[in-house]
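Reading through the structure tokens given below for one structure.
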Amino acid sequence: MNMESLITNGFFPKKKYSIGLDIGTSFIKSAQLKQEEGAFYLTKVKIIDLEKDKEPARILKELFSASEAKNSKIVTLLDSPYSMIKRAVVPMMPDNELKEAVSLEAKNYFPFSIEDSLVDFEVTGDILENGVKKKEILVGVCPHRTIEEHLGFLDGLGIRPRMVVSSALAMFNLLKFKKFKENLSVAAIDIGKSLSDLIIIRDGKFMFNRKVPVAGDDFTRALTSALSTASGKIELSYSEAQRIKNEYGIPEKINSELVENKISNAQLHSLLMAPLEKLANEIGRSFDFYREETGGAKVDKLILFGGSASLKGLDKFLAKELAIEVEVYNSWEGIQVSKEPSEDHEISSIAIAVGCGINKADGINFLPFGIREDVKRLMERAALKAGLSAAITILVLTFMGLRLSAANLDKKINAVKSELFFLNTRFGEAKERNLINDALSREPYWEDVFKEIGNCIPNEIYLTQMNAQGGILTLKGVITSTKDQPDAFSGFIRKLEAGIFRNIKFSATARSAGQKEFEVQMQLE
């Protein structure tokens, strides 16, 4: 049997596996896909609830130790308030000159400073502008610091991604499969827990991207406001507010009927109105920006993604406020599902992980360029090693005059490859397992820590980094206090001191107009 027949009969499989990984503050969502002959098949979905699953690191490690996962392209999701995708049109030029031109001009594409950000781009095609042929490109930026923190977290789990993308790109990947009418402008928004990302596409092209400063956590926190009832003053805890929000959503009937003997439908509706109206206004502003950029184009449809997209009544509310068609993303158009991956979670909540998994290899990638080269060399060495092993095996079998069927030969070669892989990795895995077990044995009860910090953080503050070392927990973040809320940071510190933390030390420095960076160090009781 020659090399050509081995390739034809499956020694080098045509199947390509990829894993999209969406790491959020409440859930970690993983979607495994198989690409075969140009089609995508969703084969496995795993959702880790960070409030219920006590050992997320162990669960992820087991997930990524499966044979398909070891050979999969891992694409992770990374979003920050200062990551964005921008469409641009540039003159025709060679690729090497285009890269230099984008590096110089990227600062003019975005409404914020990108001095300390990674800039990457992809060419999406050629267009005619006033009779002149030009290149259409997408340019993406993401802060270096955010990327480093993300990769540091993944490294601690033993995960080495091939690509790092934003939710804007994940939504765009999914919407490419949907069929829309010609010249229809369609918006999509990923409403996460702490951040929302909005894009607009037209005729299959990426046109617009903007971060929306309203997210699912704003709805929950709104329900924790103090209320006066017939039985006295009540105030829902964060967990109670989260449960009532998920269970009841926006009440259809506004009356005095009590919800779980806590608050009335009217009060629930009233508390949710402030963040809901703010969300609608911000989406409307995004549509106005898009209309200005395109010379009058209007948005015809809005598609909701993310865990908060399933908030009951949200689609109807936005449809009424924005006067457009609104739908929740709820079907895998263009993607084959091997078996129903999840009955407990809405499709809209796991779609972003799937969108990461179908990202094309030459698209925008927030993985630092140096690491990309390291990953590329590692893959080349692995491919070369596998090729040499296969060639030696074939020569030996041929010399001995064995006449095996294609199926039996595949089995023998796969067995050799498995044994070789086992010998190469057994010591590394043992060492890694000991390190993880040692680290986990010294960890505090993180569920209480995260809950306590989450309950203390006001809307005017967001965290950028959390680090625990030597019994000291360090928080870093940004204060965006307004004139109406000048004491957000001091209130944050008071809540921390009243909780499970002690020996709190803090500092705050000016960052830019209306913003300050801070650092807080504290010990756990």
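The values are calculated or read from the model by the stated rules, or taken from the named source; none is laboratory data. Owing to the predicted nature of the structure, the values given are computational and were not obtained by experimental measurement. Glycine also receives a Cβ, built like all others from the backbone with ideal geometry; neighbour counts cover every protein chain displayed. Just the protein is used for accessible areas: all its heavy atoms, side chains included, with ligands, DNA and RNA removed. Shrake-Rupley method; radii C 1.70, N 1.55, O 1.52, S 1.80 Å.
Restricting attention to the stretch 476-520, which residues are more than 19 Å from Glu149 (Cβ to Cβ), at pLDDT 75 or above, under 31 Å from the mean Cα position of the chain (by Cα) and of a type in the set (A, V, I, L, M, F, W, C)?
Scanning the stretch 476-520 gives Ala488, Phe489, Phe492, Ile493, Leu496, Ile500, Phe501, Phe506.
For (1) among the polar types (S, T, N, Q); (2) more than 30 Å from Pro111 (Cα to Cα); (3) in contact with a Phe, Trp or Tyr (Cβ under 6 Å, 6 or more places away or on another chain), each residue gets a yes or a no:
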residue	(1), (2), (3)
Asn246	yes, yes, no
Gly249	no, yes, no
Leu279	no, no, no
Leu304	no, no, no
Glu325	no, no, no
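Having 1 or more residues that are over 30 Å from Met273 (Cα atoms) is the bar; report the strands (runs of 3 or more DSSP E) wholly within the stretch 113-223 that clear it.
117-129, 132-143, 163-165, 196-202, 205-212
Within the stretch 196-236, can you find the residues that are small (Gly, Ala, Ser) and either under 18 Å from Glu346 (Cβ atoms) or more than 23 Å from the chain's Cα centre (by Cα) (or both)?
Ser196, Ala215, Gly216, Ala222, Ser225, Ala226, Ser228, Ala230, Ser231, Gly232
When the stretch 239-272 is examined, which residues are found to be part of a helix (DSSP H, G or I) and touching a helix residue (DSSP H, G or I) at 6+ places or on another chain (Cβ under 9 Å)?
The answer is Ser239, Ala241, Gln242, Ile244, Lys245, Asn246, Tyr248, Asn265, Leu268, Leu271, Leu272.
Okay, residues lined up against (1) under 23 Å from Pro213 (Cβ atoms); (2) modelled with pLDDT under 95; (3) under 14 Å from the mean Cα position of the chain (by Cα); (4) open to solvent by 50 Å² or more (accessible area, probe 1.4 Å):
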| residue | (1), (2), (3), (4) |
| --- | --- |
| Pro111 | yes, yes, no, yes |
| Glu115 | yes, yes, no, yes |
| Glu122 | no, yes, no, no |
| Ile127 | no, yes, no, no |
| Gly131 | no, yes, no, yes |
| Leu151 | no, yes, yes, no |
| Gly158 | no, yes, no, no |
| Ile189 | yes, no, yes, no |
| Lys193 | yes, yes, yes, yes |
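With the requirement that a residue be among the small types (Gly, Ala, Ser), open to solvent by 30 Å² or more (accessible area, probe 1.4 Å) and in contact with a helix residue (DSSP H, G or I) (Cβ under 8 Å, 6 or more places away or on another chain), what does the stretch 221-236 give you?
Of everything in the stretch 221-236, just one residue is among the small types (Gly, Ala, Ser), open to solvent by 30 Å² or more (accessible area, probe 1.4 Å) and in contact with a helix residue (DSSP H, G or I) (Cβ under 8 Å, 6 or more places away or on another chain), namely Ser225.
Tell me which residues, restricted to the stretch 196-205, are touching a residue at least 60 places away in the same chain (Cβ under 8 Å) and either β-branched (Val, Ile, Thr) or crowded, with 22+ Cβ neighbours inside 10 Å (or both).
Result: Ser196, Asp197, Leu198, Ile199, Ile200.
If you take the residues of the stretch 444-474 that are open to solvent by 60 Å² or more (accessible area, probe 1.4 Å) and out of contact with any strand residue (DSSP E or B) (no Cβ under 7 Å at 6 or more places or on another chain), which of them is modelled with the lowest pLDDT?
Only one residue tops the list, namely Tyr445.
Considering only the stretch 261-279, how many residues are more than 33 Å from the chain's Cα centre (by Cα), open to solvent by 70 Å² or more (accessible area, probe 1.4 Å) and in contact (Cβ under 8 Å) with a residue 24 or more places away in the chain?
1
Specify the residue that is most open to solvent (accessible area, probe 1.4 Å); the eligible residues are those in the stretch 242-255 that are within 12 Å of Gln267 (Cα to Cα) and of a type outside the set (A, V, I, L, M, F, W, C).
Only one residue tops the list, namely Lys253.
Here's a check for you: in the stretch 90-108, which residue that is open to solvent by 50 Å² or more (accessible area, probe 1.4 Å) and in contact with a Lys or Arg (Cβ under 9 Å, 6 or more places away or on another chain) is farthest from Glu293 (Cα to Cα)?
The extreme case among them is Met92.
Spot the failing condition for Ser239; the list is (1) closer than 18 Å to Gly313 by Cα; (2) open to solvent by less than 80 Å² (accessible area, probe 1.4 Å); (3) within 30 Å of the chain's Cα centre (by Cα); (4) not hydrophobic (A, V, I, L, M, F, W, C), and only one is missed.
(1)
Check the stretch 324-336 and report whether any residue there is open to solvent by less than 50 Å² (accessible area, probe 1.4 Å), part of a strand (DSSP E or B) and modelled with pLDDT under 90.
yes
Any residue in the stretch 306-319 that's under 12 Å from Lys193 (Cα atoms): show its pairings with residues that are open to solvent by less than 30 Å² (accessible area, probe 1.4 Å) and in a helix (DSSP H, G or I) at Cβ separation under 6 Å, as long as the two are six or more apart or on different chains.
Pairs found: Gly307/Ser349; Ser308/Gly216; Ala309/Ser348.
Residue pairs, Cβ under 9 Å, 6 or more apart or interchain, first in the stretch 71-88 and touching a residue at least 12 places away in the same chain (Cβ under 8 Å), second of a type in the set (Asp, Glu) and crowded, with 24+ Cβ neighbours inside 10 Å. List them.
Matching pairs, first to second residue: Thr76/Asp22; Leu77/Asp22; Asp79/Asp190; Asp79/Asp197; Ser83/Asp197; Met84/Asp197.
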